[in-house]
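Undergrad: First, the structure itself, so that you have it in front of you.
The values are calculated or read from the model by the stated rules, or taken from the named source; none is laboratory data. None of the values given here were measured: they were computed from a predicted structure. FYI the Cβ positions are ideal-geometry reconstructions off the backbone, even for glycines, and counts take in every protein chain you see. The accessibility values were calculated without ligands, DNA or RNA, using every heavy atom of the protein model including side chains. Shrake-Rupley method; radii C 1.70, N 1.55, O 1.52, S 1.80 Å.
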Amino acid sequence: MPTWLVTGGAGFIGGNFVLDAVRRGVRVINLDALTYAGNLDTLREVHDAPGHVFVQGDIGDAALVESLLREHRPDAVINFAAESHVDRSIDGPAAFVCTNVVGTLNLLEKVRDYWKSRDDAGRAAFRFLHVSTDEVYGSLGESGKFTETTPYAPNSPYSASKAASDHLVRAFHHTYGLPTLTTNCSNNYGPYQFPEKLIPLVIAKALAGEPLPVYGDGRNVRDWLYVGDHCEAIRRVLEGGRVGETYNVGGDAERENIEVVRTICRLLDARRPRADGRARESLIAFVADRPGHDRRYAIDASKLKRELGWAPSVTFEEGIARTVDWYLDHQDWVRRVLDGSYRLERIGQAA
Ligand code: NAD
């Protein structure tokens with residue numbers, strides 16, 4: 001089985017990807033700095049598995065990245081590591097440039113040197129897959145969808161930093177021949193998402209009976225993709241994508257934010273009615289809009305469907321119900337995030 005170096009594999013999408021890869025028998029070297037968004041609780045199922053090596057460290061640490069590549073000789077590097085929350089990027093953009101741009105550049109340089117040191121067969125088989133976002137394309141009007149040729153127009157410090165990293169990945173392919181692949185995906189949701197993002201935040205607050213903050217008029221539109229379907233898309237691109245290409249990934253599930261929040265309220269009311277019987281929609285509280293809030297994102301994923309036969313396996317309605325059930329069944333995981341105790345977790349130690 002192959003060996004993959006996965007960065008950011010203690011985060012939301014990276015964690016889901018690592019769990020699945022190890023279950024499939026892939027040997028995973030998991031490099032994660034364990035920022036506030038990294039959570040070893042997520043990796044409990046694999047922490048003793050012989051196919052999983054966790055290393056706490058920064059993608060910007062040149063010596064560490066070099067030694068991991070030399071020691072483990074991976075067949076692919078999959079880069080999830082990033083600062084990922086738009087609101088945090090508005091409050092403090094520097095950390096986003098540090099990890100998403102400078103960190104990715106360091107990773108690319110070390111990976112290029114390692115790739116060049118391999119024999120012909122090793123070089124031909126190697127892949128560097130960069131996981132990115134649809135937010136690099138900016139905001140859409142009422143109609144249209146982002147394609148792989150849509151010009152970049154990032155509007156937040158987060159999306160600007162991801163756009164810069166995408167450009168570096170592209171440049172490393174064109175300049176040095178590094179066999180790169182880039183995926184640009186829409187909003188993900190599902191198990192193990194940090195409860196600062198819309199869906200887990202609303203679930204946590206709705207269960208606690210707290211106000212449910214919704215930006216502006218709530219009518220901003222996002223395309224939503226279940227995280228397992230994103231992980232499957234990444235695997236397909238890794239295994240069959242054309243080197244140097246980018247692939248858009250989306251769920252064909254455009255929803256207004258307010259609709260997402262109402263759906264969660266209805267699902268929770270049906271599963272866990274409130275003691276006073278009141279509908280959770282009454283908790284919705286519109287708050288001042290996020291500065292520079294993009295109005296609408298929509299993804300045209302037809303290239304990925306056509307070339308690699310990928311399609312989402314669940315609808316938004318199935319995925320959101322599954323996600324609500326997961327959070328209800330994993331209240332301990334949420335509680336440990338909310339009270340901060342997840343940060344004390346170390347692999348091999350019981351909570
Ligand atoms: P996340 O914030 O949940 O996880 C990021 C992980 O990266 C964390 O475990 C964190 O500890 C780690 N990390 C941060 N800085 C690091 C550094 N310098 N070195 C090593 N590790 C570091 O993010 P996510 O939602 O899982 O997103 C993963 C990737 O997918 C990101 O690149 C993001 O831009 C992209 N993406 C996310 C979405 C989404 O909806 N969440 C959609 C499309 C693309």
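Undergrad: If you average the sequence gap of Cα pairs under 8 Å that are 6 or more apart and divide by the length of the stretch 7-99, what percent do you get for the contact order?
TA: Relative contact order comes out at 30 percent.
Undergrad: Would you please put 294-300, 30-36, 205-211 in order of how densely packed they are, using the mean number of other Cβ atoms within 10 angstrom per residue and starting with the highest?
TA: Order by mean packing, descending: 30-36, 294-300, 205-211.
Undergrad: Take each of the peptides 267-274, 252-259, average the number of other beta-carbon atoms within 10 Å over its residues, and list them starting from the highest.
TA: The densest-packed peptide leads the list: 252-259, 267-274.
Undergrad: Rounded to whole Å, give me the distance from the Cα center of the stretch 109-159 to that of the stretch 226-249.
TA: 11
Undergrad: Please tell me the relative contact order of the stretch 220-289 in percent, rounded to the nearest whole number, where contacts are Cα pairs under 8 Å and at least six residues apart.
TA: Computed over the stretch 220-289, the figure is 35 percent.
Undergrad: For the chain, which whole-number percentage of the solvent-accessible area (1.4 Å probe, protein heavy atoms only) is attributable to carbon and sulfur atoms?
TA: The value for the chain is 51 percent carbon and sulfur by accessible area.
Undergrad: Using only the alpha-carbon atoms of the stretch 1-112 as identical scatterers, what base-10 log of I(q)/I(0) does the Debye formula give at q = 0.11, 0.17, 0.19 Å⁻¹?
TA: -0.32, -0.76, -0.93
Undergrad: Let me ask something additional. Going toward the positive end of the dipole of the stretch 227-351, with +1 on Lys and Arg Cβ and -1 on Asp and Glu Cβ, which of Ala275, Ile258, Trp326 do you reach last?
TA: Toward the positive end, the furthest listed residue is Ala275.
Undergrad: Per residue, what accessible area does the stretch 75-128 have, given a 1.4 Å probe and all protein chains present, in Å²?
TA: I get 41 Å² per residue for the stretch 75-128.
Undergrad: What do you get for Rg/Rh of the chain when both radii come from the Cα atoms and Rh is the Kirkwood radius?
TA: 0.96
Undergrad: Enter the accessible area per residue of the stretch 262-351 (Å², integer; probe 1.4 Å; all protein chains in place).
TA: The answer is 55 Å² per residue.
Undergrad: Taking a virtual spin label 7 Å from the Cα of Glu45 along the C-beta vector, which residues in the stretch 11-29 bring their backbone nitrogen under 17 Å of it?
TA: Only 11-28 pass the distance filter.
Undergrad: Highest mean first, how do 187-198, 139-150 rank when packing is the count of other Cβ atoms within 10 Å averaged over residues?
TA: 187-198, 139-150
Undergrad: About the Cα centre, and with charges only on the beta carbon of Lys, Arg (+1) and Asp, Glu (-1), how big is the dipole of the stretch 224-351? Nearest 20 debye, please.
TA: 220
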